[in-house]
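Asks: Have a look at the structure that comes next, please.
The values are calculated or read from the model by the stated rules, or taken from the named source; none is laboratory data. Remember, predicted model here, so these are calculated numbers, not experimental data. Positions of Cβ are generated from backbone atoms using ideal geometry, with glycine treated the same way; all protein chains shown enter the neighbour counts.
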Amino acid sequence: MAAEKNRRFPLGLKFSLVIILMISLISVLIVFLGYQNYTPQIIDRYRHASIDLTNAASEIIDWDKVDAYAQAPVADDAYAPCLAALRLCARAGDARYLSVFKPTEEGCVYIFDTDEGDAQLKLGDTVSWETALGSHRQDMLAGKEIETDLEYTEGYGWLLTFYVPFNDSQGDFAGYVGIDYSATQLRAEQGEFITQLALTAVVVSIVIAGILLLVLNFLIIRPVNRIASAANSYLVNTGEAFSMKNSITRLDIKTKDELEDLASSLKSMEGKIQSYLKSLEAITHRADNDSMTGLLNREAFEKRVRWILENDSSRGLFVFMMMDIDNFKNINDTWGHRAGDDAIIACAKAIKSRFRPGDLIARMGGDEFAVFYKTPESPEAIEKRVASINRAVREAPVLDGIGLTASIGAVTLDATRGHDYQRFYVAADNALYDAKTHGRDGYVLKSGLEG
């Protein structure tokens, strides 16, 4: 049983783990969706900025000359001022690089490049399609708008690039404006955003989980624990009355759900158990007790005395008494069996009045009675009790003219030693015989089993 209890997995813990798991999954989903949604939002922000920048750049570029520059890459007087103006435009638009190029079958011929470093593409430099631009070859040759790229490049780091097509004055496709934004800051912002989102999700999850656990505890765990506590502590006394500690009877569950139904079922079950136990108590009482006097019968008395002798070895004295009514046959013959029954009942009451509720008193059959109890009293005190039984029997009310007396034989034994019931019983019976031999209405008290 102890091992089973150690393996128990409380319902509240199960619910808590399920809630925490669900909230954790929701938090992960929130972070994932937030991340997925964040990049498009940032790119869209840059896209709007690129539109303004490309419009400004298109005012600077003479698109009718782009095709001529591409076919014969020779700078004229207008080239240098145009490149300088594009560089100012790029800086004003927070772009890292701004370029103008013409796609051809061989690759992209660069016209302008605002990069002022060693990697600057000069007029007429051609970038083959085998580079990263190769994936856009067909679209660029057709002059289509290219979707935004966010990629990592050696030497440049993370770049966010927009390619916008433009036409010349005749409406023919002339080339592209390419705008590169440094995406290193964007990636840093993404990381910071995800961190903040994750922390927010964790805090919100903890709050939600706490609220859910409180609600769960109030609606389910507490009622379940109350039901379990009432069921586990359901104790029934074996005396005349039935009583409960934390009784199911006082269980008040008003959840208006299956838990309330369960509590009602337990109450119904309790009523059936009570009825059964009362019936069982009555049956047991009839089986163990004499119907006339209510005292234990011979079999029940012997069984209980044997158990005490085998299991109780604490300090004290065991006292075994045997007694019967003097001249009981004369009472029956003279006054009738009804008077004899009254005498037996009166004697039983007299004996019972001299002992505690826990002491064992039995009607052994006919007019013979037995008493067994344990006491810390001295032999002198025990003898006074025996003598008081004689007085109680003499004073017992029966029919007028009937003088009721009894003879008693008693034996005391040290309780710390093991004892055999049969020898104890025979010793007490022999003491009773001695009491009858010495005269009626008296007693003989012996210590030990000798004689």
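Asks: Checking the condition over 22 Å from R423 (Cβ atoms) and touching a strand residue (DSSP E or B) at 6+ places or on another chain (Cβ under 6 Å), which residue from D333, D341, D324, D290 passes? Break it down into steps so the answer makes sense when it comes.
Replies: On the way: D333 fails: touching a strand residue (DSSP E or B) at 6+ places or on another chain (Cβ under 6 Å); D341 fails: touching a strand residue (DSSP E or B) at 6+ places or on another chain (Cβ under 6 Å); D324 fails: over 22 Å from R423 (Cβ atoms).
Only one candidate qualifies: D290.
Residue-wise test of (1) loosely packed, with under 12 Cβ neighbours inside 10 Å; (2) touching a Lys or Arg at 6+ places or on another chain (Cβ under 7 Å); (3) modelled with pLDDT under 95; (4) part of a helix (DSSP H, G or I).
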| residue | (1), (2), (3), (4) |
| --- | --- |
| S313 | no, no, yes, no |
| R338 | yes, no, yes, yes |
| D341 | no, no, yes, yes |
| A362 | no, yes, no, no |
| K374 | no, no, yes, no |
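Yes or no, residue by residue, for (1) under 25 Å from G448 (Cα atoms); (2) hydroxyl-bearing (S, T, Y):
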| site | (1), (2) |
| --- | --- |
| A300 | yes, no |
| S313 | yes, yes |
| L317 | yes, no |
| H337 | no, no |
| D342 | no, no |
| I345 | no, no |
| I351 | yes, no |
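Asks: Residue pairs, Cβ under 9 Å, 6 or more apart or interchain, first in region 36-65 and within 24 Å of A84 (Cβ to Cβ), second modelled with pLDDT under 80 and hydroxyl-bearing (S, T, Y). List them.
Replies: If the second residue must be modelled with pLDDT under 80 and hydroxyl-bearing (S, T, Y), the pairs left are S50/T148.
Asks: Among the residues of region 59-72, which ones are of a type in the set (G, A, S) and in a helix (DSSP H, G or I)?
Replies: Of everything in region 59-72, those that are of a type in the set (G, A, S) and in a helix (DSSP H, G or I) turn out to be A68, A70.
Table: residues versus (1) in contact (Cβ under 8 Å) with a residue 40 or more places away in the chain; (2) farther than 15 Å from A406 by Cα.
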{"position": "V305", "(1), (2)": "yes, yes"}
{"position": "L309", "(1), (2)": "yes, yes"}
{"position": "M322", "(1), (2)": "yes, no"}
{"position": "G336", "(1), (2)": "no, yes"}
{"position": "I361", "(1), (2)": "yes, yes"}
{"position": "G366", "(1), (2)": "yes, no"}
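Asks: Here are A49, A80, A56, A85: which of them is in a helix (DSSP H, G or I), under 21 Å from E151 (Cβ atoms) and not charged (D, E, K, R)?
Replies: On the way: A80 fails: under 21 Å from E151 (Cβ atoms); A56 fails: under 21 Å from E151 (Cβ atoms); A85 fails: under 21 Å from E151 (Cβ atoms).
Step by step, each of A49, A80, A56, A85 is checked, and only A49 is in a helix (DSSP H, G or I), under 21 Å from E151 (Cβ atoms) and not charged (D, E, K, R).
Asks: Output the residue which, of all residues in region 173-192 that are surrounded by fewer than 18 Cβ atoms within 10 Å (Cβ to Cβ) and in contact (Cβ under 8 Å) with a residue 40 or more places away in the chain, is nearest to the chain's Cα centre (by Cα). Before you say what the answer is, go through the steps one by one.
Replies: At the first step, the residues of region 173-192 found to be surrounded by fewer than 18 Cβ atoms within 10 Å (Cβ to Cβ) are 182, 184-185, 187-192.
When the remaining residues are screened for being in contact (Cβ under 8 Å) with a residue 40 or more places away in the chain, the result is 182, 189-190.
Working: S182: 54, E189: 42, Q190: 40 Å.
Residue satisfying both the conditions and the ranking: Q190.
Asks: Given the residues F318, F301, which is the only one that is part of a strand (DSSP E or B), buried (at least 16 other Cβ atoms within 10 Å of the Cβ) and touching a residue at least 60 places away in the same chain (Cβ under 8 Å)? Spell out how you get there, then give the answer.
Replies: Numbers: F301 fails: part of a strand (DSSP E or B).
Only one candidate passes the filter, namely F318.
Asks: Next up: Does any residue of region 238-248 turn out to be crowded, with 16+ Cβ neighbours inside 10 Å, in a helix (DSSP H, G or I) and modelled with pLDDT under 75?
Replies: yes
Asks: Out of all the residues in region 380-423, which are in contact with a Leu (Cβ under 7 Å, 6 or more places away or on another chain) and in a loop (DSSP other than H, G, I, E, B)?
Replies: A396, V398, A415, H419
Asks: Mind listing whichever residues of region 68-100 are hydroxyl-bearing (S, T, Y) and either closer than 23 Å to D172 by Cα or in contact with a Pro (Cβ under 9 Å, 6 or more places away or on another chain) (or both)? Full working, then the answer.
Replies: Here is the first cut: in region 68-100, the residues hydroxyl-bearing (S, T, Y) are 69, 79, 97, 99.
If the condition is that a residue be hydroxyl-bearing (S, T, Y) and either closer than 23 Å to D172 by Cα or in contact with a Pro (Cβ under 9 Å, 6 or more places away or on another chain) (or both), then Y69, Y79, S99 are the ones that fit.
Asks: In region 77-104, what residues are over 28 Å from W158 (Cα atoms) and either touching a helix residue (DSSP H, G or I) at 6+ places or on another chain (Cβ under 8 Å) or not assigned by TED's automatic domain parsing to the domain that holds G143 (or both)? Even if it seems obvious, please write down each step before you answer.
Replies: If we filter region 77-104 for residues that are over 28 Å from W158 (Cα atoms), which is where we start, we get 77-81.
A78, Y79, listed by residue number.
Asks: Let me ask something additional. Quick check on region 73-117: of everything there that is of a type in the set (K, R) and over 60 Å from the mean Cα position of the chain (by Cα), which residue is surrounded by the most Cβ atoms within 10 Å (Cβ to Cβ)? Show your work before the answer.
Replies: Looking only at region 73-117, we keep the residues that are of a type in the set (K, R), and these are 87, 91, 96, 102.
If we keep only those that are over 60 Å from the mean Cα position of the chain (by Cα) as well, we get 87, 91, 102.
Values: R87: 17, R91: 12, K102: 20.
Top of the filtered list is K102.
Asks: Can you pull out the residues in region 427-443 that are aromatic (F, W, Y) and in contact with a helix residue (DSSP H, G or I) (Cβ under 8 Å, 6 or more places away or on another chain)?
Replies: Our first condition is that a residue be aromatic (F, W, Y); within region 427-443, this holds for 433, 443.
Matches in region 427-443: Y443 only.
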